[in-house]
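Working notes for the structure below.
All of the numbers you see were taken from the coordinates with simple rules; none came from a lab. Since this is a predicted model, take the numbers as computed values, not measurements. Note that we place each Cβ from the backbone using ideal geometry, even for glycine, and neighbour counts take in every protein chain shown.
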Protein chains: 2
Amino acid sequence: MSNITEIARRARVSRTTVSRVLNNHPYVKQDKREAVLKAMQDLNYVPNLNAVNLSRGKTNVIGVIVPTINHPFFSNLIEGIGRGCYKHHYRMLVHQSNYDPGHEIEFFNMLKYKLIDGLILGSSMLSGPVLDELSHYGSVVSCEASGSRLITKVLVNHESGIRMAVEHLRSKGHRRIGLCIGNPASGIGISRKKAFSALLEAYGLEWRDDWYYEGKYSIEDGSAVAASIAGQSLAPSAMVVGSDYVAAGLIKEAARQGIKVPEELAVIGFDNQPIAQVMDLTTIQQPIVQMGETAAAALHLMLTEAERPSDQTLELELIVRQST
Amino acid sequence: MSNITEIARRARVSRTTVSRVLNNHPYVKQDKREAVLKAMQDLNYVPNLNAVNLSRGKTNVIGVIVPTINHPFFSNLIEGIGRGCYKHHYRMLVHQSNYDPGHEIEFFNMLKYKLIDGLILGSSMLSGPVLDELSHYGSVVSCEASGSRLITKVLVNHESGIRMAVEHLRSKGHRRIGLCIGNPASGIGISRKKAFSALLEAYGLEWRDDWYYEGKYSIEDGSAVAASIAGQSLAPSAMVVGSDYVAAGLIKEAARQGIKVPEELAVIGFDNQPIAQVMDLTTIQQPIVQMGETAAAALHLMLTEAERPSDQTLELELIVRQST
DNA sequence: GGTTGCTGTGAAACGCGTTCCATACTTTAT
DNA sequence: ATAAAGTATGGAACGCGTTTCACAGCAACC
């Protein structure tokens, strides 16, 4: 495999000139430029990007940490980040953390190692101070609220989403409202739970521990929630569920248990996933793909302008269907 | 940021010795090793992996090409590849091609450029000969049948999947069976269509162009199919649908149109996605995550043993629910 | 005692493109 | 005509870890 030295020799110019041609530097005479291009053609030259990366000290690769890819929220997010990366000529390195802080820190090291130029956090288990510490190694954008004050955030307003959900249910006359979330230790989980309990308090509604479910991610989990609710003597009349999948499982199992939706139990989901559509599920639509694109664009800005863009909050939308 | 030269100076050894410590080479005396480790600690040393990559001529990065991430088939596949990569200490670079051959070739160049050690094709629009040509640049594993004879394949037996579906429907007495697939030009699409028409022929069933739909990916697409079927004077009594999402949309819209499932229209999907469960959809389960893991493992084998592992075919399973 | 074979260590070259600096030739401006 | 500014090109250093080769020290072997 040829390198610039060979090209230079063949084109009878210096390696510097070859490099200039490679980088479209203006100060190269037409004839030399052509000679170089011809030599590259002849020798079937391909630049070794590792050498370029080493030289330049950057890689044009953006890392992405998500707990799992195989979850509609994150696959949508990655889709968006992927688009943003493509638009700004980055490549995207995806890492699954399984919510394991060790895995996350390991990946953060790639920033130190200069193997990635920047990092996008889909969802993280790391605490604010730890993130602040780690963010010194490079540019980081987070897609969820986190304790960190240094990291730029691109997020949906979870508080507003929960508010939409609760107010919608309240307007339908519900007073016994329960909550079901995913990972309670993640940024999303924390925000949602906090917003929810604050709202209940504000509206004078009761928070009951047995109407609160956490660690629910899948359809099966949703079924389990429905089964649990079916067994309660005083059951909630409405559930705010952090994921359409879980909500779908809940509705399905509720039907099996003879609980009428929405008459006896109203259900509102999150994300407006395809499944929400076929299940006629009222849901809070989050612009996840757009969030990914925005995050990539923000990171690009940090990397090129070397400034920290302000946090961005994307707006949510309530989509009313038959489940409330 | 420190480098091995500084470490060497501080530990009063040569750079070679530092490198040996870094790579756990046995021929380093205990005291020197400790001195080096101490110096690393003191200077907060992190190796520059770009330099390592340049030196070694490899990157421990595996590239993955998928048309889109935001599709359950591919997000599952990526999940599996991600797991396999983690297990074998690779990192995973994901690229969305949108079924654009240009994008694909562009990404293939990364093999040439030595930016990735190997490549996994989720689904490709490139023809067999082109793939054979491109595969000379490095190790490639494909997750779908392709015209290429050089590329190692890890795939599900689409022929067998279609057979399961058709035989199941036949056993239920169906004689008017239609087919609905995604991208007809992709490996999956080609295999499925071919297998399907061959089976119809073998069983003496009729192929009708108006019972065949292609380019259907989403729930909305499925609804459109149902609407189309509803308008036919002679409609199929059963549909084999290449994706659970599309099948779900089909069922949903069929219900709206007053077509009874499964009595008037049986529907069988593919993948056993969560949505299949809540829609009570009979489906052909494909071990997609496992396929991703297997593909990563196969690539690892190629990269380390420098041999081409034989193609692997994973088995499918028919999951019967209420839609047939 | 001389050979063979490890163990341990370092100098120097290598992989390869980029970039700083010096130099020289043209233009343009005054 | 002369200084100033721009154009064009090359040499050498740089980024940084790995690897080859040479060599010294030391133990085992015949």
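Other residues with beta-carbon under 13 Å from the beta-carbon of A:Asn3 carry, at +1 per Lys or Arg and -1 per Asp or Glu, a net charge of +3. In order along region B:150-160, the Karplus-derived 3J(HN,Hα) couplings, from 6.51 cos²θ - 1.76 cosθ + 1.60 at θ = phi - 60°, round to 8, 7, 5, 10, 10, 8, 8, 7, 5, 4, 5 Hz, and Gly and Pro are given as x. The order of the peptides B:274-287, A:208-221 by mean Cβ neighbours within 10 Å, most packed first, is B:274-287, A:208-221. Packing here is the average count of other Cβ atoms within 10 Å per residue, and on that basis the peptides A:20-26, B:86-92, highest first, run B:86-92, A:20-26.
Ranking of B:Ser124, B:Ser160 by neighbouring Cβ atoms within 10 Å, starting from the fewest: B:Ser160, B:Ser124. Binning all Cα-Cα separations of region A:4-47 at 5 Å, short to long from zero, yields these whole-percent fractions: 6, 29, 40, 21, 4. In summary, the lysines within cross-link reach of B:Lys112, defined as a Cα separation below 16 angstrom excluding same-chain residues under 8 places away, comprise B:Lys58.
Of the beta bridges in the protein assembly as shown, as assigned by DSSP with both residues counted there, near 15 percent are antiparallel. Report summary: the helix-based calculation at 222 nm, which adds -39500 (n - 2.57) for every DSSP H run with n ≥ 4 and divides by the residues of the protein assembly as shown, gives -14500 deg cm²/dmol.
Kirkwood analysis of the Cα pair distances in region A:158-285 returns a hydrodynamic radius of 14.0 Å. Proximity of backbone amide H atoms, modeled 1.01 Å from N, is registered between A:Gly63 and A:Leu93, A:Asp117, A:Gly118, A:Leu119, A:Ile120 at under 5 Å, excluding neighbours fewer than 5 places apart on the same chain.
The 3J(HN,Hα) values that the Karplus relation (6.51, -1.76, 1.60; θ = phi - 60°) gives for region A:298-303 are, in residue order, 4, 5, 4, 4, 4, 6 Hz. Gly and Pro appear as x. Think of the axis that spins chain A onto B; the A residue whose C-beta lies nearest it, and the distance in whole Å, is A:Ser75, 2. Annotation for region B:1-64 versus region A:123-142: alpha-carbon center distance of 26 Å. For the protein assembly as shown, the square roots a ≥ b ≥ c of the C-alpha gyration tensor eigenvalues yield an a/c of 1.5 or more together with a/b not exceeding b/c, which makes the shape oblate. Both the radius of gyration and Dmax for region B:77-222 are 17.8, 56 Å, in that order, over alpha-carbon atoms. Of the GluC sites (Glu not before Pro) found in region B:44-125, no site is in coil according to DSSP while having at most 16 other Cβ atoms within 10 Å of its Cβ. Each copy carries a label point for A:Ala198 at 7 Å from Cα toward Cβ; from one copy, the others' points are 6.2 nm away, ordered from shortest. Give me the lysines in straight-line cross-link reach of A:Lys193: C-alpha distance below 27 Å, same-chain residues under 8 apart excluded. Counting by Cα, and skipping residues close in sequence, A:Lys193 has these lysines nearby: A:Lys153, A:Lys172, A:Lys216, A:Lys252, A:Lys260. Sorted from nearest, the other copies put their B:Pro26 label points 6.1 nm away, the label point being 7 Å from Cα in the direction of Cβ. For the Cα trace of region A:107-171, dividing Rg by the Kirkwood Rh returns an Rg/Rh value of 1.16. For region A:113-166, trypsin sites (Lys or Arg not before Pro) are listed when DSSP marks them as loop and at most 13 other Cβ atoms sit within 10 Å of their Cβ; the list is A:Arg149. Between the amide H of B:Leu281 and those of B:Gln322, distances stay under 5 Å, these residues lying 5 or more places away or on another chain, with hydrogens modeled in the peptide plane. Residue-wise HN-Hα couplings along region A:202-219, as the Karplus relation 6.51 cos²θ - 1.76 cosθ + 1.60 with θ = phi - 60° gives them from phi, are 4, 8, x, 9, 8, 8, 10, 4, 7, 9, 10, 10, 9, x, 9, 10, 10, 4 Hz; Gly and Pro carry x. The chymotrypsin sites (Phe, Trp or Tyr not before Pro) of region B:13-75 that DSSP puts in a loop, and whose beta carbon has at most 15 other beta carbons within 10 Å, are B:Tyr27.
Partner shielding of B:109-119 amounts to 3, given as the average count of beta-carbon atoms from other chains within 10 Å of each residue beta-carbon.
Put simply, the amide H of B:Val267, placed in the peptide plane, has neighbours under 5 Å in B:Met239, B:Thr324, leaving out anything fewer than 5 places away on its chain. Pairs of alpha carbons in region B:254-324 separated by more than 15 Å make up 63% of all such pairs. Counting Cβ atoms of other protein chains within 10 Å of each residue's Cβ and taking the mean over peptide B:45-55 gives 6.
Here the Debye sum runs over all C-alpha atoms of region A:57-117 as equal scatterers in vacuum, and log10 of I(q)/I(0) at q = 0.18, 0.25, 0.27, 0.30 Å⁻¹ comes out as -0.64, -1.05, -1.12, -1.18. With Cα atoms as the point set, the radius of gyration and Dmax of chain A evaluate to 25.5, 89 Å. Computed over region A:23-153, the range of Cα coordinates on each principal axis works out to 58, 30, 22 Å, biggest value leading. Only beta bridges with both residues in chain A are counted; by DSSP, about 10 percent of them are antiparallel.
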